[in-house]
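Novice: Got a structure for you, written out below as structure tokens; questions coming shortly.
The values are calculated or read from the model by the stated rules, or taken from the named source; none is laboratory data. Keep in mind that what you see is a predicted model, and the values were worked out from it rather than measured. Positions of Cβ are backbone-derived with ideal geometry, glycine not excepted, and every protein chain shown enters the neighbour counts. Quick note on the areas: whole protein, heavy atoms, side chains included, nothing else; ligands and nucleic acids left out. Shrake-Rupley method; radii C 1.70, N 1.55, O 1.52, S 1.80 Å.
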Amino acid sequence: MTLRTPVSLTPEEIEAVRSWVILEDASVIAFAKPAGLSSQGGRIQAHTLDDLLWAFARSNGKRPELVHRLDRDTSGVILAAKTKPAASFLGKAIQAHRLTKTYLALVSAAPDPAQGDINVPLVRQEIGRESYMRVAAFDTKGAQGSRSRYRTLKASEDGALVELQPYTGRMHQLRVHMAHIGRPLIGDVRYGGALTAAGQAAPRLMLHAASLTFPHPEGGERTVTAEMPDDFQALTQALNLS
């Protein structure tokens, strides 16, 4: 794995990142990432999940590496490789679309139709210091194909709980796709989501990476799941969707 300058972590940070582990073996480690924590980079001067992986560094200075990312305000399953061969194997699996990611999202009204396939090109735009994705014509310069599937799990007068699966991995893909069909995610300030639901403020972007099925570097497949966090569960109940 890459040798980098170690990051100094507090005992509390080490305890926290260890408490998020949902699967660990010789090749991989999976976490239930909390909302509000950046996966990597970011402009906020706080440790990212990538930094916190130093809690798992070996005596030779090598440490796990994230193999994909989640948006800062998205909670749920995120996977890291513990060895260089595992990182290479998982990187190729991602390129070959062999990972199945399943998300849960809250929207203000049930999609119509209740389930469907969204297949539109997306293009990245920089507005000030922020990056956005926009649906574009297929011949737009820089546009990339993107495809997601959605399915309404439960609907009420106040909103709907939707299952989402991305087939491609574009930035903000699920958020833009749902906004494109007129159902932006609750709490998604960037793409027009409602800031309140069931008479209360949305605590954040209501998107949760619930499960990940992936080919394991040592053979076979594994599925890891992350329980709905408390804030997501509370709003689901308030919308009569539990």
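Novice: Filter segment 22-37 down to the residues that are of a type in the set (A, V, I, L, M) and more than 18 Å from Thr74 (Cβ to Cβ), then identify the one that is surrounded by the fewest Cβ atoms within 10 Å (Cβ to Cβ).
Specialist: Among them, the one singled out is Ala26.
Novice: Any chance segment 2-9 includes a residue that's modelled with pLDDT of 95 or more, among the hydrophobic types (A, V, I, L, M, F, W, C) and surrounded by fewer than 17 Cβ atoms within 10 Å (Cβ to Cβ)?
Specialist: No - not one qualifying residue is present in segment 2-9.
Novice: Let me ask something else. Restricting to segment 166-193, and then to whatever is surrounded by 18 or more Cβ atoms within 10 Å (Cβ to Cβ) and of a type in the set (Gly, Ala, Ser), can you tell me which residue is nearest to Ser108 (Cα to Cα)?
Specialist: Among residues in segment 166-193 that are surrounded by 18 or more Cβ atoms within 10 Å (Cβ to Cβ) and of a type in the set (Gly, Ala, Ser), the one nearest to Ser108 (Cα to Cα) is Gly193.
Novice: With (1) buried (at least 16 other Cβ atoms within 10 Å of the Cβ); (2) over 23 Å from Ala210 (Cβ atoms) as the list, and Ile127 as the residue in question, which single condition is left unmet?
Specialist: (1)
Novice: Name the residue that is farthest from Ala26 (Cα to Cα), counting only residues in segment 200-232 that are touching a Ser or Thr at 6+ places or on another chain (Cβ under 7 Å) and polar (S, T, N, Q).
Specialist: The residue in question is Ser211.
Novice: What are the pairs, 6+ residues apart or on separate chains, where a residue within segment 107-133 that is farther than 17 Å from Gly182 by Cβ and in contact (Cβ under 8 Å) with a residue 60 or more places away in the chain has its Cβ under 9 Å from a residue that is of a type outside the set (Phe, Trp, Tyr) and surrounded by 13 or more Cβ atoms within 10 Å (Cβ to Cβ)?
Specialist: Glu130/Arg190
Novice: Oh, and also: For a quick check of your reading: which strands (runs of 3 or more DSSP E) sit entirely within segment 13-107 and have at least 1 residues that are over 30 Å from Asn240 (Cβ atoms)?
Specialist: 21-24, 28-33, 75-81
Novice: Is it the case that His68 is buried (at least 16 other Cβ atoms within 10 Å of the Cβ) and in contact (Cβ under 8 Å) with a residue 40 or more places away in the chain?
Specialist: Answer is yes for this residue.
Novice: Taking the condition of being over 12 Å from Met206 (Cα atoms) and surrounded by 14 or more Cβ atoms within 10 Å (Cβ to Cβ), how many residues in segment 221-239 meet it?
Specialist: So the count comes out to 6.
Novice: Restricting to segment 71-92, what's the tally of residues that are closer than 23 Å to Glu218 by Cβ and open to solvent by less than 10 Å² (accessible area, probe 1.4 Å)?
Specialist: Summing the residues that are closer than 23 Å to Glu218 by Cβ and open to solvent by less than 10 Å² (accessible area, probe 1.4 Å) in segment 71-92 gives 7.
Novice: Looking at segment 39-53 only, could you name the residues that are open to solvent by less than 30 Å² (accessible area, probe 1.4 Å) and out of contact with any Phe, Trp or Tyr (no Cβ under 8 Å at 6 or more places or on another chain)?
Specialist: Ser39, Thr48, Asp50, Leu52, Leu53
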